[in-house]
1. Just give me the residues in the range 224-264 being surrounded by fewer than 13 Cβ atoms within 10 Å (Cβ to Cβ), under 35 Å from the mean Cα position of the chain (by Cα) and among the basic types (Lys, Arg), in sequence order.
2. For the range 53-66, check the following and say yes or no: at least one residue is open to solvent by 40 Å² or more (accessible area, probe 1.4 Å), at positive phi and either hydrophobic (A, V, I, L, M, F, W, C) or at pLDDT 85 or above (or both).
3. Test Asn326 against the criterion of being of a type in the set (S, T, N, Q), open to solvent by 10 Å² or more (accessible area, probe 1.4 Å) and within 18 Å of Val275 (Cβ to Cβ), and give yes or no.
4. Out of the range 313-364, which residues are among the basic types (Lys, Arg), in the same structural domain as Lys270 (by the TED database) and without any contact (Cβ under 8 Å) to a residue 40 or more places away in the chain?
5. What is the number of the single condition among (1) in contact with a Phe, Trp or Tyr (Cβ under 8 Å, 6 or more places away or on another chain); (2) at pLDDT 80 or above; (3) over 29 Å from Asp238 (Cβ atoms) that Ala331 does not meet?
6. Under 8 Å between Cβ atoms, which residue pairs at least 6 apart in sequence (or on different chains) link something in the range 265-285 that is without any contact (Cβ under 8 Å) to a residue 24 or more places away in the chain with a partner that is surrounded by fewer than 13 Cβ atoms within 10 Å (Cβ to Cβ) and part of a strand (DSSP E or B)?
7. Across the range 105-133, what is the total count of residues that are open to solvent by 40 Å² or more (accessible area, probe 1.4 Å) and either over 37 Å from the mean Cα position of the chain (by Cα) or outside the structural domain of Phe88 (by the TED database) (or both)?
8. So, in the range 314-325, how many residues would count as being touching a strand residue (DSSP E or B) at 6+ places or on another chain (Cβ under 8 Å) and closer than 21 Å to Ser384 by Cα?
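The values are calculated or read from the model by the stated rules, or taken from the named source; none is laboratory data. A quick note: this is a predicted structure, and the numbers were derived from the prediction, not measured. Here the Cβ positions follow ideal geometry from the backbone for every residue, glycine too, while neighbour counts run over all protein chains shown. The accessibility values were calculated without ligands, DNA or RNA, using every heavy atom of the protein model including side chains. Shrake-Rupley method; radii C 1.70, N 1.55, O 1.52, S 1.80 Å.
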Amino acid sequence: MASILITCLLLMSIAYFEPTFPATVIEDLANLHPPSNFNTTIVSNCLKNPSLRYCGSSPMDLDAIFKFTIVASHLCNESKNPNCVESFPKIDLRNRPKITPLYLSFTFFWKYCPITILSIDLSNNSLKGTFPIDVLFCTQIHVLDLSHNGLSGDVPIQRLSCVTNLTILNLSYNHFSEIKISDSWFFRRFNSSCFFNSGILPSHGRYKIKAVMLLLGFPLVVVFTVGGLWWLCFRRPDFLPRVLQNEHKFTTVMLKAATNGFSKKNMVGKGDGFVMYRGILRDGTQVRIEIYSNNRGNHREYVEECKVLVQLRHRNLVKVYGWCSNRNIRALVTEWIGRVSIETWLSESAPCWKHRFKVLVGVLKAMCYLQEQWPEIGCDIKTSSLLLHENGDPLIARFGVGENSTSN
């Protein structure tokens, strides 16, 4: 025992005068070995005080126990205990960031933690990583302070629960994983101030802000989502995937977008009860849009007429893409051919009789097609209502169904 005390006193003197203390401890532990009578001394100590932690281990690791005694001697003095020869009541390494990680790395010391230690203070050391779980080998402690560090991860609640005498625990100002006090009976032993800004408990201010944001934000999200879906479905269905679109139904907003708000620049014609615009749909298709000022009678009847018109398929009939029908507007959307009518063509270009005959035959073929397959559809065959395609074919551009067969 005398040799151990001499060694410890020697090491303490080295630690006192040597500025590079951590390196001294590491060198001491690497170079010193248990004296020959160390086993006898340990057995004698266990007979006198069986509660010593290394007394219960079998077989005894004499090398680890010897290192433990050296570190214990150093640490007792570093913690400024009044009389390290007789007692070791506290580990006080607060504000010692250079040496604290070193002592935490000595697992053999914490494994044989002196039972006299009742307080461990490792605060304000900028410690990183997870909870230093080795300190919980000191199951007899009453005080544990790990505040003002940078520890993260989960708090070992089960291991902490084994420290039954713990009355003061301070984990404030760390970055542990969040958990509610109500989720563990262990945390109920301590005041919430013990976990202030530790990450374990959500900040009350943040919690209130989150609650307010949730209470206000969720209804707003629902309102905007429903409003957005309504706008897409009933105002701009052309933004929906093609499989979800009504192929032939157009909305007022879609026609406004296609004609730049029904601008005069896009107006290409005007007649008795209708205005004609040139427009470009969202997919780039150029169309002619006829808007009727008299709303063309009953909404349902008009829609049924248009459903018939979109089925027409003939090279001498203008293709009908769809319609728009609501309380404010009635419109028919057809393919864009151009502004050249048969009337303009005859008066300005003086075509040859062969070409005139070709146009006449084309108009007759279209009329025969309608008479044979769609007898309920009539058409307007005025020269001003017949268009000329760029390939020279005539196109009937205005027709109607039933009572409206000649009104448009």
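1. Correct list: Arg242 only.
2. no
3. Here the answer is yes, as Asn326 does meet what is asked.
4. Arg313, Lys319, Arg327, Arg330
5. (3)
6. Final answer for the pair search is Met276/Lys270.
7. 7
8. Looking only at that region, the number is 5.
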